[in-house]
Each structure stands twice: as C-alpha cells, then as structure tokens.
Amino acid sequence: MGAPAQISSARAARGIAILELPRSLLAGARAARISSGAVARKLGLVATRHILGGSLHRGLAAKPPCAIAVEGSDISVRSQAIEVISKPTVLVAEKLGEAGLELLRKVANVDCSYNLSPEDLCAKISLCDAVIVRSGTKITREVFEASNGRLKVVGRAGVGIDNVDLQAATEMGCLVVNAPTANTVAAAEHGIALLAALARNVAQANASVKSGKWQRNKFTGVSLVDKTIAVLGFGKVGSEVARRAKGLGMHVIAHDPYAPADRARAIGVELVSFDEALARADFISLHMPLTPATNKIFNDETFAKVKKGVRIVNVARGGVIDENSLVRALNSGIVAQAALDVFTKEPPEKDDKLVQHENVIVTPHLGASTAEAQEGVALEIAEAVVGALQGELAATAVNAPMVPSEVLTELAPYITLAERLGKLAVQLVAGGGGVKDITISYNSARAPDDLDTRLLRAMIVKGLVEPVSDTHINLVNADYIAKQRGLRISEERHPAEGTEAAPLESIEVRIANVESRFSSAMSDSGDVSLAGRIKDGVPHLSQVGSFSIDVSLEGSVILCRQVDQPGMIGKVGGLLGDENVNISFMSVGRTSPRQKAVMAIGVDDEPSKEVLQKIGSISAVEELVFLKL
Ligand SMILES: NC(=O)c1ccc[n+]([C@@H]2O[C@H](COP(=O)([O-])OP(=O)(O)OC[C@H]3O[C@@H](n4cnc5c(N)ncnc54)[C@H](O)[C@@H]3O)[C@@H](O)[C@H]2O)c1
Ligand SMILES: O=C(O)[C@H](O)COP(=O)(O)O
C-alpha cells in the first residue's frame with residue numbers, strides 16, 4: 001500500500017512539469033502513483049494508466065529517480081496526489097537459481113518458501129504479488145481464489161505450464177509467464193544420456209556391481225551407430241536431440257506437424273509421417289508437448305505399429321504414453337526397453353509396475369536439472385516476472401489478452417469465428433506440416449483504421465497452432481508464437497458492401513504452399529482457403545476453396561465433394577441418422593447444376609470411422625473430410 005508523498009518542489013520548463021520528490025521517500029519504492037484523475041488531467045496526462053503502468057512505473061523500479069517529468073505546464077499539484085507504493089512481494093515456491101533471485105531482490109521482497117502444502121500455499125498467497133514455481137507446485141483455481149485478487153503474475157521457471165490453471169488465471173486477470181528456452185539443451189542432453197544408458201544397460205549394471213555381482217554377459221547392450229532414431233516433436237528440444245544423435249552416427253528421422261523443412265534439411269534429418277516413424281525406428285525419442293491431441297498418443301494401437309524390439313526414451317511428458325499399454329508392450333517384447341524421465345503422476349507410486357519393470361530405467365524429472373540450465377531458467381523467469389510486475393507486455397506470456405472491453409464486446413462473435421477458421425484450416429492441410437504462409441483477408445465496410453484486427457489475427461494463430469502445441473495463445477503472445485514457429489502472416493483489407501454497423505462482412509484464411517487433405521479446399525490460386533462470416537450472431541463457414549456454402553460453426557463439420565445429383569442429401573443424412581449423429585446444418589455449394597458440388601454438414605456428434613467410410617463409398621462422393629471444432 002502507498003503513503004502520500006511530499007513534493008519538495010515543482011518547476012516547469014518548456015511545457016514539462018517536473019515534480020521533485022525527496023529521494024529518501026522513493027528509496028525502495030517500486031512506483032509512484034498519481035492518484036487523482038483531476039490532477040492527472042491538469043498535468044496533461046491523457047493516458048494516466050499508461051504512465052502508471054509504463055514508463056513512470058518502470059523508471060522508478062529500475063532506479064528510483066527523485067523527479068518525475070510529466071507533460072503540461074500547470075504544476076499546482078497537491079502532495080496527496082502522489083502516492084509511493086511499496087515493493088511487491090514475490091513468493092518463490094521452488095528452488096530457483098541465485099542469479100534470478102538477485103534480480104528479483106532488486107525490485108521485490110522475495111519470500112523463498114519451498115515444499116509448501118497446498119493449504120500453506122493458499123494461506124500465503126494473499127500476501128504475494130507474484131509466485132514462481134517449477135513443475136512440482138500446482139497453481140490451482142483454489143490458489144487464485146485464495147489470493148483475493150492480489151496475485152498478478154505466475155512465473156513458471158520452465159517450459160510446461162500444465163501445473164498452472166490457465167483458465168482460472170485468465171479469469172482472474174493474472175498473467176502467467178514461462179521460461180521456454182533456457183532448459184532446451186539440458187533436456188536434450190538428458191535425452192541423449194538416457195538413450196546411451198538404455199542401450200548399454202548402465203543403470204542395471206551399476207546396481208548389479210554395487211550389490212556385489214559381476215555379470216558381464218547379462219548386460220551386453222546394443223550399439224547406437226547406424227541405428228535409426230525417430231524424434232517425435234521436432235521443436236527446440238527435439239532438434240537438439242537430433243543434432244546430437246547425428247553426431248553419434250545414427251540415422252535420424254523426425255515427425256512433427258509443424259517441422260520446418262529447412263531446419264530438418266540443415267541438420268540432415270528426414271521428415272516422415274507418424275506411422276512411418278513408428279515402422280522404421282530402432283529408437284524413439286519423445287519431444288512433443290502434452291496436449292489433448294498427444295495425450296496417450298502411445299497406446300496399444302500405436303505399439304502395434306512399431307518395429308518389434310524398439311527402445312523408447314521419454315523426456316517430454318508422462319501423459320503422452322498410456323503407461324499400462326507400455327507395460328504390456330514391454331512384457332510382450334514389442335518394446336525392448338524404455339527410459340523415462342517423466343510420468344503421468346509425479347512422483348509415481350513406489351510399486352508402480354512401469355518404474356519397477358526390469359527393462360525400464362527412470363529418473364525423477366531431471367531433464368532441466370543442470371546447474372547451467374537452472375541459472376538460465378532463473379534469469380529468464382525473473383526477467384519475465386519483473387517485466388510483468390512493471391506492466392510490460394511479456395514476450396513469454398501465456399494468457400491474458402488486454403483489449404478494451406467495448407472492442408471485446410463488438411468483436412466477440414468474430415473472435416470465435418477467427419479461431420474456428422484457424423482450427424479448420426490447419427485440419428485441411430495434409431499431414432507432414434509445412435504451414436508457413438498464411439494470409440488473412442478482412443472484408444469490411446468500415447474505414448481501414450476503424451478495425452482492430454490484432455485480436456482476430458491472434459485467434460486465427462490460436463486456432464492454427466494450439467491443436468499441436470501446449471502453448472496457450474492469446475493477444476499477448478500470438479505474434480511471438482507465430483514468429484517462433486516461422487509462420488508468415490499477412491493481413492489484407494478489402495472494402496465490402498454492407499453496413500458499417502458490423503465490423504466485418506467476412507474473414508478469409510488462406511494457407512499457401514501446402515497440400516490439402518480435401519482437394520476442393522484449394523482455391524484457384526493453389527492455397528488452402530476458407531472463409532466465414534457472422535449470421536444472426538453465430539459464426540458460419542461461407543466458403544471452402546471456390547465453393548460457396550453456408551454452415552453454422554457450432555459443432556463439427558463433414559465436407560464432402562460429390563457429383564451434384566438428386567438424393568445425395570437424403571443418402572448422407574440417412575447414414576448419419578442411422579448412427580444417431582445429429583445434423584445441425586447442411587449446405588451444398590456447386591459450380592453449376594449437375595457438376596461438382598461441395599456438401600457441408602454440421603454435426604453435433606463425432607461420426608464413427610465406419611459411417612464416414614460408408615459416406616465416402618457412395619458412388620457420387622469423390623472426397624470427404626471430417627473437421628473437428
Ligand atoms: N523432462 C524435462 O525436464 C523437460 C525439459 C524441457 C522440456 N520438456 C518438455 O518437452 C516438450 C518439448 O519441449 P520444447 O521446448 O522442445 O517445446 P517446443 O514447443 O519447442 O517443441 C514441441 C514440438 O512438438 C511438436 N508437436 C506438437 N504436436 C505433435 C505431435 N502430435 N507429433 C509430433 N510433434 C508434435 C510441435 O509442433 C513442436 O515443434 C514439452 O512438453 C516440455 O514440457 C521436458
Ligand atoms: O517443462 C519443463 O520445463 C520441464 O519439464 C522442466 O520442469 P522442472 O522445472 O520441474 O524441472
């Protein structure tokens with residue numbers, strides 16, 4: 001809380017009012033707040049909040065000055081108008097490197113309290129402006145609620161943010177920031193350490209010798225050189241693992257829906273489909289995030305596709321493997337060995353079948369645990385938390401859009417439309433990735449400067465990227481994420497007929513230089529292309545490739561290209577009806593009567609593979625795709 005400051009003197013020079021505050025008063029202060037709107041206006045501070053959250057705030061935090069310069073020449077300011085705010089409190093709930101702590105201590109009171117129970121954390125949190133954690137502390141909705149609105153920043157000293165309730169954070173206006181780069185090499189090195197240890201039975205042999213045995217034949221291993229390793233998830237960690245595996249003389253293949261071909265080429269890595277990676281690999285190294293799409297991506301079905309005797313390393317997230325399936329695959333010899341750093345539940349139970357399996361070696365989530373990585377992570381997160389406390393837009397923010405409420409209200413349906421178009425567009429791209437060049441066209445009757453498209457662009461990026469990422473995307477981080485992933489996004493404005501009452505007539509998303517799973521989604525210019533609009537307040541899909549359609553985007557969508565002829569709607573509707581799949585909407589777009597037509601069917605439930613196959617085998621149907629929303 002603040003105390004009124006005494007202004008020791010004030011002077012004006014060339015339209016700038018300088019308010020001088022006693023230095024002693026500002027020692028240790030993190031900010032000075034001009035608490036009276038009237039005074040602020042008198043001083044010509046049009047954007048008081050900006051000054052408070054921005055330059056004034058930051059300047060004081062970095063080095064308390066004794067003067068504040070504000071525009072305006074009227075300096076009849078009462079001392080009560082300025083308030084000095086004490087340092088924020090940052091709770092460091094898990095061990096953090098010294099460099100980060102030092103940085104935090106410059107601007108904050110730092111409370112290092114490790115191993116707090118959930119109850120103790122809730123009891124403490126209402127006294128904290130920020131909290132910093134690793135993967136071992138859960139910041140749940142209860143924690144946010146217990147903070148009574150004081151908690152403004154959560155810093156995750158690492159990459160994965162699955163231990164923070166982002167929805168609750170966003171709802172409560174709390175910014176969450178992470179440290180996505182500093183532990184990359186450590187995680188990759190740990191992956192390689194586990195790979196070598198696995199191949200040469202290092203852990204088992206070590207335990208055997210220490211127990212007094214000398215079993216040289218029992219621990220004969222396998223060589224790495226000339227073997228094929230599949231890197232699944234060719235992001236930051238995966239690329240570093242690939243580079244190192246090349247150095248070990250391995251043949252490296254990788255699968256990643258967003259893998260940049262040039263990066264793969266530069267490292268000498270062959271990009272392949274998921275199934276091909278499974279079929280060819282002697283070793284599999286997992287580096288994808290845990291998302292709904294990757295949850296238990298290794299299951300009985302997947303293990304049935306691997307080369308018998310494959311060896312698996314997981315330093316990503318335990319949840320990407322169905323652990324019961326892995327036990328079965330190990331017991332049957334389908335998987336020869338596994339090395340695991342991460343588990344669905346951490347720590348796992350003492351008698352966990354996987355942990356105790358003789359062909360499994362384990363470490364307690366040590367991927368990021370090197371002295372160097374922890375110093376780097378500590379600095380990266382401390383900088384992000386300090387910046388966030390000072391009101392800066394954090395580059396590694398993972399939530400919390402900041403948009404004026406009236407803009408949000410007007411754009412609300414278009415925000416949903418934008419995200420859904422992104423989500424559909426990426427599903428139309430054929431596997432193997434390559435999504436790079438995206439063009440967004442806004443068709444609007446409004447003047448070009450009367451439409452803030454940042455949020456729409458962010459939501460399209462969210463729709464495109466979130467299905468294959470554990471990064472949560474919003475206005476704060478969308479452009480950063482897009483840049484990191486090498487997405488080139490261009491925006492176009494087109495004047496449209498219509499009233500200026502609606503901000504937009506339609507939005508079109510085009511993805512260039514890719515192939516489509518549904519060739520009719522390709523526009524004449526060779527892009528995957530989709531457009532949508534708002535009708536009666538509801539997002540609708542209005543265009544697929546060069547076919548005009550009209551289907552409400554509330555459930556999922558089946559797109560089906562056919563030779564236009566009578567009875568098609570009945571046939572398809574009948575097949576879906578037999579399966580109890582409710583159709584919410586149906587629309588047919590055609591080039592001309594009895595020629596090609598695209599039928600779009602909105603469905604409330606996901607149809608089975610069998611019924612989709614039946615629709616696909618109707619003789620007039622030429623291609624079909626199911627798109628989830
Ligand atoms: N064990 C540890 O201590 C440790 C340390 C660091 C990172 N990690 C974990 O490793 C993972 C990767 O980290 P990163 O920094 O490389 O992240 P990243 O975002 O740079 O890379 C992840 C990659 O996975 C790809 N991907 C998404 N879905 C996929 C799928 N279905 N199949 C294949 N690839 C897919 C993404 O396109 C992306 O390129 C994260 O889950 C992270 O939490 C663990
Ligand atoms: O997501 C991460 O950064 C890693 O899993 C490391 O987690 P940790 O900070 O708990 O070591």
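The values are calculated or read from the model by the stated rules, or taken from the named source; none is laboratory data. From a predicted model like this one, the values you see are computed outputs, not experimental measurements. Note that we place each Cβ from the backbone using ideal geometry, even for glycine, and neighbour counts take in every protein chain shown. Keep in mind that these areas ignore ligands, DNA and RNA; they rest on the heavy atoms of the full protein, side chains included. Shrake-Rupley method; radii C 1.70, N 1.55, O 1.52, S 1.80 Å.
Structural remarks
- Residue count for region 415-439, restricted to those that are open to solvent by 20 Å² or more (accessible area, probe 1.4 Å) and assigned to a helix (DSSP H, G or I): 7
- Scanning region 263-306 for residues that are more than 14 Å from ligand 1 (Cβ to nearest atom) and either of a type in the set (Phe, Trp, Tyr) or open to solvent by less than 30 Å² (accessible area, probe 1.4 Å) (or both), we see that the one that is farthest from SER332 (Cα to Cα) is PHE283.
- Condition check for ALA207: more than 13 Å from ligand 1 (Cβ to nearest atom), surrounded by fewer than 16 Cβ atoms within 10 Å (Cβ to Cβ), within 26 Å of HIS365 (Cα to Cα) and not polar (S, T, N, Q): yes
- Of everything in region 247-262 that is crowded, with 19+ Cβ neighbours inside 10 Å and outside any loop (DSSP other than H, G, I, E, B), the residue that is nearest to ligand 1 (Cβ to nearest atom) is HIS255.
- Region 307-329, subset more than 21 Å from HIS365 (Cα to Cα) and open to solvent by 10 Å² or more (accessible area, probe 1.4 Å), residue farthest from ligand 2 (Cβ to nearest atom): LYS308
- If only residues of region 155-174 that are within 16 Å of ligand 1 (Cβ to nearest atom) and of a type in the set (A, V, I, L, M, F, W, C) are counted, the one that is modelled with the lowest pLDDT is LEU166.
- Residue check, ALA261 over 21 Å from ALA187 (Cα atoms) and at pLDDT below 95: yes
Conditions (1) away from ligand 2 (no atom under 14 Å from the Cβ); (2) touching a Lys or Arg at 6+ places or on another chain (Cβ under 6 Å), marked per residue:
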{"site": "ALA157", "(1), (2)": "no, yes"}
{"site": "GLY160", "(1), (2)": "no, no"}
{"site": "ASP165", "(1), (2)": "yes, yes"}
{"site": "PRO180", "(1), (2)": "no, no"}
{"site": "ASN183", "(1), (2)": "no, no"}
{"site": "LEU195", "(1), (2)": "yes, no"}
{"site": "VAL202", "(1), (2)": "yes, no"}
{"site": "LYS218", "(1), (2)": "yes, no"}
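- Taking region 518-585 and the strands (runs of 3 or more DSSP E) fully enclosed by it, the elements with 2 or more residues that are of a type in the set (A, V, I, L, M, F, W, C) and farther than 23 Å from MET459 by Cα are at 556-563.
- Screening region 523-553 for residues that are open to solvent by 30 Å² or more (accessible area, probe 1.4 Å) and of a type in the set (Ser, Thr, Tyr) and picking the one that is farthest from VAL563 (Cα to Cα) gives SER525.
- Verdict on SER332 being out of contact with any helix residue (DSSP H, G or I) (no Cβ under 6 Å at 6 or more places or on another chain), within 16 Å of ligand 2 (Cβ to nearest atom) and open to solvent by 10 Å² or more (accessible area, probe 1.4 Å): no
- Listed conditions (1) within 20 Å of LEU379 (Cβ to Cβ); (2) touching a strand residue (DSSP E or B) at 6+ places or on another chain (Cβ under 6 Å); (3) within 16 Å of ligand 1 (Cβ to nearest atom); (4) open to solvent by less than 10 Å² (accessible area, probe 1.4 Å) are all met by ALA179, apart from (2).
- Residue check for TYR442: away from ligand 2 (no atom under 16 Å from the Cβ), modelled with pLDDT of 80 or more, assigned to a strand (DSSP E or B) and buried (at least 23 other Cβ atoms within 10 Å of the Cβ): yes
- Residue within region 327-341 that is under 22 Å from the mean Cα position of the chain (by Cα) and hydrophobic (A, V, I, L, M, F, W, C) present: no
- Residue within region 232-242 that is more than 16 Å from ligand 2 (Cβ to nearest atom) and open to solvent by 20 Å² or more (accessible area, probe 1.4 Å) present: no
- Taken over region 497-517, the criterion of being in contact with a strand residue (DSSP E or B) (Cβ under 8 Å, 6 or more places away or on another chain), among the charged types (D, E, K, R) and part of a loop (DSSP other than H, G, I, E, B) is satisfied by GLU505, GLU515, ARG517.
Residue-by-condition table, conditions (1) open to solvent by 40 Å² or more (accessible area, probe 1.4 Å); (2) within 25 Å of the chain's Cα centre (by Cα); (3) among the acidic types (Asp, Glu):
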residue	(1), (2), (3)
CYS112	yes, no, no
LEU116	yes, no, no
ASP120	yes, no, yes
VAL131	no, yes, no
VAL143	no, yes, no
ALA146	no, no, no
LEU151	no, yes, no
